[in-house]
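Following: one structure in structure tokens, then a few remarks.
The values are calculated or read from the model by the stated rules, or taken from the named source; none is laboratory data. Since the model is a prediction, treat every value here as computed from it, not as a measurement. Counting neighbours? That spans all protein chains shown, and the Cβs are built from the backbone with ideal geometry, glycine included.
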Amino acid sequence: MRYQRYVALGDSCAEGLDDPYPDGRGYRGFTDLTAERLAAHEPDLEYANLAVRGRRLDQILAEQVPLAEHLRPDLVTLFGGGNDILQGRWQAGALAADLDAIVGTLAEVAHTVVLFTLPDLARRLPGMSRLRPRVDVLNELIVATAARHRTLLVDVREDPSCEDIRLYGADRLHLGQLGHRRVAGHVLAALDLPVDDWLAPLPPAESEPYWRLAIRQWTWVRHHVWPAVHGTVRNRIAGREPGDGFLPKRPELSRLNPS
């Protein structure tokens, strides 16, 4: 299958946090990496990324899906649902309806749609065990929706390294550079394209003394947990939504390296 128009939808993971370009021109992420590999096989590939950090599925449906319909892609990736779990608006029925509406619309437009399950957030975010049932329900909905609309599914739970902390950024929530490459590898594998070494087994992790682990834990709480909690409270008081003020990084289809 040749892909000429690739559109990415979703939240911060699809936007590319925390995988900055070395020259500081923004975030790369698994979608840019996937587009680069696709362009190596199809030089005329055009790519758009409509993802915006903080977006829930209802917002993706209202804001991103109409734009994607207009762009008429033949390949779409949708990475979302994590913010529905985290933002305290959990309603499984509404989530299922939003997800079905998104995927059903995209499947009518694009030849290939790719969905993603989520890993177990609680395993790397201490104190978040209450989220595990929500992640399980969301993943069941994603798997069922993929089957119903005959989309491709990247089930990250099948990757034995999906919970390895080395795949994630400093906040332990967003994928880091290594994690984005691994997800891009799974997308390329689902599309029957070469993945190089992006899915190679990770080397054994080095053991660390307890005191170093304790320092790492405190650093994470001090620089990521408390600021996140404070920011959430401040946004609720001000009536702001996560991601307010941010726009898609590639709202129009364009070639990666136009001549």
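Would you pick out the residues in segment 22-48 that are closer than 17 Å to V183 by Cα, of a type outside the set (D, E, K, R) and either modelled with pLDDT under 95 or over 12 Å from the mean Cα position of the chain (by Cα) (or both)? Selection gives Y27, L33, T34, A35, L38. Here the condition is being surrounded by 15 or more Cβ atoms within 10 Å (Cβ to Cβ) and in a helix (DSSP H, G or I); of R55, R134, R130, it holds for R134 alone. State whether the residues of segment 168-181 include one that is at pLDDT below 95, over 19 Å from R28 (Cβ atoms), surrounded by fewer than 19 Cβ atoms within 10 Å (Cβ to Cβ) and not charged (D, E, K, R). Within segment 168-181 (the criterion being at pLDDT below 95, over 19 Å from R28 (Cβ atoms), surrounded by fewer than 19 Cβ atoms within 10 Å (Cβ to Cβ) and not charged (D, E, K, R)), the answer is no, since none of the residues qualifies. Scanning segment 183-203 for residues that are free of Cβ contacts under 8 Å to residues at least 24 places away in the same chain and outside any loop (DSSP other than H, G, I, E, B), we see that the one that is farthest from G104 (Cα to Cα) is G185.
Within the group G93, G80, which residue is touching a residue at least 60 places away in the same chain (Cβ under 8 Å), within 28 Å of R132 (Cα to Cα) and out of contact with any Ser or Thr (no Cβ under 7 Å at 6 or more places or on another chain)?
Values: G93 fails: touching a residue at least 60 places away in the same chain (Cβ under 8 Å).
Testing whether each residue is touching a residue at least 60 places away in the same chain (Cβ under 8 Å), within 28 Å of R132 (Cα to Cα) and out of contact with any Ser or Thr (no Cβ under 7 Å at 6 or more places or on another chain) leaves just G80.
Considering only residues in segment 9-42 that are part of a loop (DSSP other than H, G, I, E, B) and touching a residue at least 40 places away in the same chain (Cβ under 8 Å), the one that is nearest to E63 (Cα to Cα) turns out to be D11. Candidates in segment 1-19 are the residues that are in contact with a Lys or Arg (Cβ under 7 Å, 6 or more places away or on another chain) and farther than 18 Å from V154 by Cβ; of these, the one that is surrounded by the fewest Cβ atoms within 10 Å (Cβ to Cβ) is R5. Set side by side, the residues A101, A107 differ, and just one is in contact with a Ser or Thr (Cβ under 7 Å, 6 or more places away or on another chain), assigned to a helix (DSSP H, G or I) and of a type in the set (A, V, I, L, M, F, W, C), which is A107. Number of residues in segment 144-191 that are polar (S, T, N, Q), over 19 Å from V113 (Cα atoms) and in contact with a helix residue (DSSP H, G or I) (Cβ under 7 Å, 6 or more places away or on another chain) equals 1. When each of L121, L71, L61 is tested for being within 24 Å of L191 (Cα to Cα) and either crowded, with 20+ Cβ neighbours inside 10 Å or of a type in the set (A, V, I, L, M) (or both), the lone residue that passes is L71.
Residues checked against (1) among the small types (G, A, S); (2) touching a Gly at 6+ places or on another chain (Cβ under 8 Å); (3) modelled with pLDDT of 95 or more:
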site	(1), (2), (3)
P126	no, no, no
V135	no, no, no
A146	yes, no, yes
S161	yes, no, no
D164	no, no, no
G185	yes, no, yes
L202	no, no, no
A214	yes, no, no
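Evaluate the following for L153: is it surrounded by 20 or more Cβ atoms within 10 Å (Cβ to Cβ) and within 22 Å of E15 (Cβ to Cβ)? Against the criterion (surrounded by 20 or more Cβ atoms within 10 Å (Cβ to Cβ) and within 22 Å of E15 (Cβ to Cβ)), L153 does not qualify.
Do we find that I85 is β-branched (V, I, T), modelled with pLDDT under 95 and surrounded by fewer than 19 Cβ atoms within 10 Å (Cβ to Cβ) in this structure? The answer is no for I85.
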